[in-house]
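Asks: Starting off with a structure, shown below.
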Ligand SMILES: Nc1nc2c(ncn2[C@@H]2O[C@H](COP(=O)(O)OP(=O)(O)OP(=O)(O)O)[C@@H](O)[C@H]2O)c(=O)[nH]1
Ligand SMILES: [Mg+2]
């Protein structure tokens, strides 16, 4: 796995020599059975944002989106507040290329996967809509992809990252589950369940993501390991949810994450 230094990636420019520094897949990784991703010099970036009653938070997310983004796909989980109207009005006023799609079922995973199917960019970035993920970090994720990563996974626990949002119980659970993944999949991840990630759209096919809930990031990370994708961790600073309460239930969702970790490992 590539470790991206905050100082290396403060903008979207990557030295061509960085492309030579891509490590080979780890020993014991499954042999790749799909064509390698073609590195695009200036990728078009699709940002996917799941929203569920985030009317008081969504503006702070949209305001941080860099100006050269190709499209923003807001995936609404049948919000009963004014989230969608606020997002649409802000986008119209500021010329942000934003589309709202309604997810077919329930859950963050279902929302993201549905949003991915609507993306037309070269790169897909996932952001939360509660004000905890900072869209201004997007160029650092893109820089990691342009440096050769196929998945740039945000990490709150890599050097330079932090979280003001995670509770002690969730911190402990995330640590235990991350350690389990590292053991079973021979990875060296420092964070497992974080909503800020980016990958080339071509990776959707080999990743073949299907799930409903908060286990989506775990599925993404373990599938990337199983498919021997080149993974870079990007240090990320997670702020507190600005307003409202989390939709995540530590026990229920922790068990769903555990089921994904074990289930994927048992697959041929
Ligand atoms: N469309 C949609 N969005 C959802 C759903 N559940 C959660 N979200 C969104 O997913 C993001 C993360 O959910 P949160 O409730 O903040 O949960 P969290 O505790 O921060 O969980 P993680 O960030 O995923 O670790 C937020 O932007 C939510 O609005 C859902 O069922 N449908
Ligand atoms: Mg949150």
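The values are calculated or read from the model by the stated rules, or taken from the named source; none is laboratory data. Here the structure is a predicted model, which is why all the values come from computation and not from measurement. Note: ideal-geometry Cβ built from the backbone for every residue, glycine included; neighbour counts use all protein chains shown.
Asks: Taking segment 66-106 only, how many residues are more than 9 Å from ligand 1 (Cβ to nearest atom) and on the phi > 0 side of the Ramachandran plot?
Replies: 1
Asks: Report yes if some residue within segment 138-146 is surrounded by fewer than 21 Cβ atoms within 10 Å (Cβ to Cβ), modelled with pLDDT under 95 and within 22 Å of residue 62 (Cα to Cα); otherwise report no.
Replies: No, there is no match, as no residue in segment 138-146 is surrounded by fewer than 21 Cβ atoms within 10 Å (Cβ to Cβ), modelled with pLDDT under 95 and within 22 Å of residue 62 (Cα to Cα).
Asks: Would you call residue 254 over 20 Å from residue 105 (Cα atoms), assigned to a helix (DSSP H, G or I) and within 14 Å of ligand 1 (Cβ to nearest atom)?
Replies: So residue 254 fits the description; yes.
Asks: Here's something else I'd like to know. Consider segment 225-247. How many of its residues are touching a residue at least 40 places away in the same chain (Cβ under 8 Å) and more than 19 Å from residue 198 (Cα to Cα)?
Replies: Summing the residues that are touching a residue at least 40 places away in the same chain (Cβ under 8 Å) and more than 19 Å from residue 198 (Cα to Cα) in segment 225-247 gives 7.
Asks: Given the structure, is residue 207 over 16 Å from residue 133 (Cα atoms), free of Cβ contacts under 8 Å to residues at least 40 places away in the same chain, in contact with a strand residue (DSSP E or B) (Cβ under 9 Å, 6 or more places away or on another chain) and more than 16 Å from ligand 1 (Cβ to nearest atom)?
Replies: Answer is yes for this residue.
Asks: Out of segment 133-155, which residues are within 15 Å of residue 221 (Cα to Cα) and either out of contact with any strand residue (DSSP E or B) (no Cβ under 9 Å at 6 or more places or on another chain) or within 16 Å of ligand 1 (Cβ to nearest atom) (or both)?
Replies: Selection gives 153, 154, 155.
Residues are listed down the side, and each one gets a yes or a no for (1) under 15 Å from the mean Cα position of the chain (by Cα); (2) modelled with pLDDT under 95; (3) assigned to a helix (DSSP H, G or I); (4) within 16 Å of ligand 2 (Cβ to nearest atom):
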position	(1), (2), (3), (4)
171	no, no, yes, yes
190	yes, no, no, no
204	yes, no, yes, no
222	yes, no, yes, no
258	no, no, yes, no
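Asks: Let me ask another. Can you tell me which residue within segment 228-248, out of those that are farther than 23 Å from residue 129 by Cβ and in a loop (DSSP other than H, G, I, E, B), is farthest from ligand 2 (Cβ to nearest atom)?
Replies: Filtering first and then ranking leaves 228.
Asks: Another question about this same structure. Given the structure, is residue 112 within 15 Å of the chain's Cα centre (by Cα) and near ligand 1 (Cβ under 9 Å from one of its atoms)?
Replies: The answer is yes for residue 112.
Asks: Let me ask something else about it. Can you confirm whether residue 198 is within 15 Å of the chain's Cα centre (by Cα), outside any helix (DSSP H, G or I), within 29 Å of residue 54 (Cα to Cα) and within 16 Å of ligand 1 (Cβ to nearest atom)?
Replies: yes
Asks: Hey, among the residues in segment 177-225 that are within 23 Å of residue 160 (Cβ to Cβ) and out of contact with any helix residue (DSSP H, G or I) (no Cβ under 8 Å at 6 or more places or on another chain), which one's surrounded by the fewest Cβ atoms within 10 Å (Cβ to Cβ)? Can you show your working first?
Replies: To start, the set of residues in segment 177-225 that are within 23 Å of residue 160 (Cβ to Cβ) comprises 177-179, 181-182, 187-199, 217-218, 220-221, 224-225.
Adding the requirement that they be out of contact with any helix residue (DSSP H, G or I) (no Cβ under 8 Å at 6 or more places or on another chain) leaves 178-179, 182, 217.
On the way: 178: 22, 179: 12, 182: 15, 217: 24.
Only one residue fits best here, namely 179.
Asks: What is the number of the single condition among (1) within 27 Å of residue 55 (Cα to Cα); (2) modelled with pLDDT of 95 or more; (3) within 16 Å of ligand 2 (Cβ to nearest atom); (4) assigned to a loop (DSSP other than H, G, I, E, B) that residue 211 does not meet?
Replies: Condition (3) is where residue 211 drops out.
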